[in-house]
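**Student:** Below is a structure I'd like to ask you about.
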Amino acid sequence: ARAQAMEVEASPDVTYDDIGGIDDQIREVREAVEDPLINAETFREVGVEPPSGVLLHGPPGTGKTMLAKAVANETDATFIKMAGSELVRKFIGEGARLVRDLFELANEREPAVIFIDEIDAVATTRTDSKTSGDAEVQRTMMQLLSEMDGFDDRGEVRIMAATNRFDMLDEAILRPGRFDRLIEVPKPDVEGRRRILEIHAAELNLGDDVDFDDLAEELEGYSGADIAALTTEAGMFAIRDEREEVRMADFRDAHEKIEMASGEGPTTGP
Ligand code: ATP
């Protein structure tokens with residue numbers, strides 16, 4: 001059961017260079033997660049408590065998971081991912097046990113980065129907390145809080161989480177000693193979109209007419225994930241046309257196709 005619910009990678013291959021448009025967030029994550037992991041001894045000696053947990057929040061597909069993987073890569077740490085939705089669709093008592101397993105595994109594999117995606121699934125403020133399903137979610141959250149509270153020597157294990165629904169989070173998980181460092185990861189601005197286009201098109205055989213400045217302007221509202229999908233789609237247009245070169249028209253066709261498919265814009269919406 002453990003293996004199914006958790007994704008474990010010895011050292012993920014994502015690097016900071018693969019992440020575009022969120023340089024400030026990269027800097028913050030390095031300071032809050034990477035430094036304490038690399039200099040655990042120094043933090044202990046000086047008596048500085050690093051942030052307990054780091055919460056990344058922002059729209060879907062903006063690079064939150066990539067950030068957590070890049071930290072694990074940079075520190076040669078084991079990356080252990082658990083989706084909040086996995087924790088809550090289990091039988092009674094199983095969510096809490098999975099949380100225990102998660103922290104136990106991290107301790108065995110340290111240095112390790114725990115990443116809980118969609119943490120809102122376990123930590124949402126609920127209006128009707130009387131139904132039994134909600135009671136179970138509540139128990140899972142209590143287990144998570146108690147694991148975090150009981151984590152004194154956390155030098156070699158760092159905890160990160162992500163959510164697209166920051167406003168719905170239960171405040172209990174944001175208290176000091178828990179997820180006490182918040183980092184907002186927004187959609188990229190025009191310069192960020194240009195950088196992400198470059199990253200994802202790096203392997204493409206591009207025609208001379210491809211202009212990422214213009215494209216970046218046109219892709220207002222696109223997330224990193226939307227841009228990744230667009231780039232692949234542009235390549236597909238070239239292949240369908242039996243061309244070895246991806247041209248500006250392919251990117252524009254891809255853009256149009258994505259707009260059509262989603263009705264009024266990129267798949268992830270505003
Ligand atoms: P979700 O909230 O949906 O889990 P997320 O913020 O965790 O999304 P990621 O899983 O990190 O998003 O990104 C999904 C994919 O989108 C990545 O594998 C990558 O191809 C692309 N991507 C997203 N953001 C960026 C970015 N800032 N730079 C480059 N690629 C990106």
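The values are calculated or read from the model by the stated rules, or taken from the named source; none is laboratory data. Keep in mind it's a predicted model, so treat the numbers as computed, not measured. Note that we place each Cβ from the backbone using ideal geometry, even for glycine, and neighbour counts take in every protein chain shown. Please note that ligands, DNA and RNA were not included when accessible areas were found on the heavy atoms of the full protein model with its side chains. Shrake-Rupley method; radii C 1.70, N 1.55, O 1.52, S 1.80 Å.
**Student:** Take the residues in the stretch 179-191 that are within 18 Å of the chain's Cα centre (by Cα) and among the acidic types (D, E), then tell me which one is farthest from the ligand (Cβ to nearest atom).
**Tutor:** D180
**Student:** So, R181, is that one touching a residue at least 60 places away in the same chain (Cβ under 8 Å), open to solvent by 70 Å² or more (accessible area, probe 1.4 Å) and of a type outside the set (S, T, Y) or not?
**Tutor:** Judged against the criteria, R181 is a match.
**Student:** Same structure, new question: Of the residues that make up the stretch 49-69, is at least one surrounded by fewer than 18 Cβ atoms within 10 Å (Cβ to Cβ) and farther than 29 Å from T140 by Cα?
**Tutor:** Looking for residues that are surrounded by fewer than 18 Cβ atoms within 10 Å (Cβ to Cβ) and farther than 29 Å from T140 by Cα, one finds none in the stretch 49-69, hence no.
**Student:** Could you look through the stretch 154-178, keep only residues that are more than 11 Å from the ligand (Cβ to nearest atom) and charged (D, E, K, R), and pick out the one that is least open to solvent (accessible area, probe 1.4 Å)?
**Tutor:** R158
**Student:** Being among the small types (G, A, S), modelled with pLDDT of 90 or more, within 23 Å of R27 (Cα to Cα) and away from the ligand (no atom under 11 Å from the Cβ) narrows it down to one residue among A112, A106; which is it?
**Tutor:** Answer to the check: A112.
**Student:** I've got another one for you. Hey, among the residues in the stretch 11-42 that are in contact with a strand residue (DSSP E or B) (Cβ under 7 Å, 6 or more places away or on another chain) and within 16 Å of the ligand (Cβ to nearest atom), which one's most open to solvent (accessible area, probe 1.4 Å)?
**Tutor:** E28
**Student:** Now for a different question. Taking into account only those residues within the stretch 81-122 that are open to solvent by less than 40 Å² (accessible area, probe 1.4 Å) and among the aromatic types (F, W, Y), which is farthest from the chain's Cα centre (by Cα)?
**Tutor:** Of everything passing the filter in the stretch 81-122, F103 is farthest from the chain's Cα centre (by Cα).
**Student:** So is L144 within 16 Å of the ligand (Cβ to nearest atom) and touching a residue at least 24 places away in the same chain (Cβ under 8 Å) or not?
**Tutor:** No: the conditions fail for L144.
**Student:** Which number in (1) surrounded by 12 or more Cβ atoms within 10 Å (Cβ to Cβ); (2) touching an Asp or Glu at 6+ places or on another chain (Cβ under 6 Å) marks the one condition that D250 misses?
**Tutor:** It is condition (2) that D250 fails.
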